[in-house]
Amino acid sequence: YENILGTSLDLIVDVPRPTDAFACEVEVLAEIERLRRIFSTYDAQREIRRLMAGEERAMMAPELAELLSLYRTWSARTDGLIDLHLGGAVSVWREGERTGRVPGRAALAAAATRSPATWNVDAMGKAFAIERAVAVARRFAPRGLLNLGGDLRAWGDAAWQIGVADPRDPADNASSLARFTL
């Protein structure tokens, strides 16, 4: 599939019947879409965007509360290398990509605010969705592999041959830079 969380998705499952594979596919895609709606910072009507705008919420989706807690945990564990407040820096770098200019120190420093308006949950949100999608897939398939934009998750008693793409050769059919067994 293309354009799943802004990237491509491959799902390989080992099931006894084709109908199980189809049911697994439908449920995995539905779970990813459900979580996308919860975590999307692009839609102003979503709960996370209302929180970013400063609205107080007595109750929030349990998945959103868990994701925000994960960001707090990993920010502390990594001395801030993984942080919820990187949206400003991401915007500055995207603008640099658009204009072809590397952002200056002043622009990056100005973007480094701790405001909820700068939340960016893309990295851990994607990992969270992958883990939840695999939990759904396991109900249908004892073995499988989910590849969401290069983030891989395998389960069950199986070995998977994985090719590492050469970043200098963007062609889909380019030779792998390296291979390993997962």
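Let me test this: with uniform point scatterers at the alpha carbons of the range 10-60, what is the Debye-based log₁₀ I(q)/I(0) at q = 0.15, 0.22, 0.27, 0.28 1/Å? With one equal scatterer per Cα and no solvent, log10 I(q)/I(0) is -0.56, -0.77, -0.98, -1.02. Taking the Cα centre of the range 1-106 as reference, the dipole from Cβ charges on Lys and Arg (+1) and Asp and Glu (-1) amounts to some 600 debye. GNM on the chain, alpha-carbon springs under 10 angstrom: the most fluctuating residue among 153, 49, 72 is 72.
If you take the square roots of the eigenvalues of the alpha-carbon gyration tensor of the range 100-182 and sort them as a ≥ b ≥ c, do you get rounded (a/c under 1.5), prolate (a/b over b/c) or oblate?
Numbers: a/c = 3.98, a/b = 1.49, b/c = 2.67.
It comes out oblate by the Cα gyration axes.
When each of the peptides 91-103, 7-19 is scored by the mean number of other C-beta atoms lying within 10 Å of its residues, the order from highest to lowest reads 7-19, 91-103. Between 125, 144, 54, the residue with the greatest mean-square fluctuation in the GNM of the chain (Cα pairs under 10 Å linked by springs) is 54. For residue 86, the residues 5 or more places off, or on other chains, whose built amide H falls under 5 Å of its own are 120. Excluding residue 73 itself, what net charge comes from residues whose Cβ is under 14 Å from its Cβ, given Lys and Arg +1 and Asp and Glu -1? Every neighbour counted, the sum reads -1. Decide, for the range 75-116, between rounded, prolate and oblate: order the square roots of the alpha carbon gyration tensor eigenvalues as a ≥ b ≥ c, take rounded if a/c falls under 1.5, and otherwise choose prolate if a/b is larger than b/c, else oblate. Taking the square roots of the gyration eigenvalues as a ≥ b ≥ c, the range 75-116 is prolate. Considering only 35, 161, 24, the residue lying farthest towards the positive end of the dipole of the chain is 35, judged by Cα position with unit charges set on Cβ.
When the helices of the chain are scored as -39500 (n - 2.57) per DSSP H run of n ≥ 4 and the total is divided over every residue, the value at 222 nm lands at -14000 deg cm²/dmol. Between 134, 90, 164, find the one with the highest GNM mean-square fluctuation for the chain; connect C-alpha pairs within less than 10 Å. Maximum fluctuation in the GNM of the chain, among the listed residues, is at 164. Would you mind pulling out the separation of the Cα centroids of the range 74-98 and the range 134-182, in Å? Measuring centre to centre over Cα atoms gives 26 Å.
If I model the chain as equal point scatterers sitting on the Cα atoms and use the Debye formula, what is log10 I(q)/I(0) at q = 0.15 Å⁻¹? After summing over all Cα pairs, the log10 values are -1.06. Each Lys and Arg Cβ is given +1 and each Asp and Glu Cβ -1; about its Cα centre, the chain then shows a dipole of about 440 debye.
Rolling a 1.4 Å probe over the protein heavy atoms of the range 1-156, with every protein chain left in place, gives an accessible area that is 55 percent carbon and sulfur.
If r is the Cβ-Cβ distance from residue 109 to residue 50 and R0 is 22 Å, what FRET efficiency results, to the nearest 0.05? Walk me through the numbers on the way to the answer.
Values: r = 28 Å, r/R0 = 1.28.
Efficiency, rounded to the nearest 0.05: 0.20.
The values are calculated or read from the model by the stated rules, or taken from the named source; none is laboratory data. Note that the structure is a prediction, hence the values are computed from the model and not measured. Every residue, glycine as well, gets a Cβ built from its backbone with ideal geometry; the counts of neighbours run over all protein chains shown. Remember, those area values only see protein heavy atoms, side chains included, never the ligands or the DNA or RNA. Shrake-Rupley method; radii C 1.70, N 1.55, O 1.52, S 1.80 Å.
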